[in-house]
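To start, the structure itself, in structure tokens.
Just so it is clear, none of the values below were taken in a lab; they were calculated from the coordinates. Quick caveat, the model's predicted, so the values are computed rather than measured. For neighbour counting, all protein chains shown are included, and Cβ atoms are generated from backbone atoms with ideal geometry for every residue, glycine included.
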């Protein structure tokens, strides 16, 4: 939509404009940030020394067996910190609504953090029943 939503009038005094909708990529980043905050609130030590990144698609063409991965975790080495990479497009492809997308992002991140740190999923996400559709 271009231009004002409604012309200037005596009540509003100026033209009303519609806010720009949040793009899919922006929504994904917001949801990922919210998920990281939830995990940090539940288990503050879980993400210490862990880098979390975002990529559109995995770059391991043909290296997965039957399904495209939603995320990947790499343990720390002597020269690199532990890392989790979340893949935006495969996750978006599996969700039909923004609510499902937010839940899938959080569930994927919780699973990766749990696998990487050994902290139980129940401790990282104590209120997981809120994520169900």
Next on the checklist: I'd like to verify a number: residues in the range 69-96 that are over 17 Å from residue 35 (Cα atoms) and either in a loop (DSSP other than H, G, I, E, B) or out of contact with any helix residue (DSSP H, G or I) (no Cβ under 9 Å at 6 or more places or on another chain) (or both), how many?
Outcome noted: 12
Next on the checklist: I'd like to verify a number: residues in the range 104-128 that are closer than 14 Å to residue 86 by Cα and in contact with a helix residue (DSSP H, G or I) (Cβ under 9 Å, 6 or more places away or on another chain), how many?
Outcome noted: 9
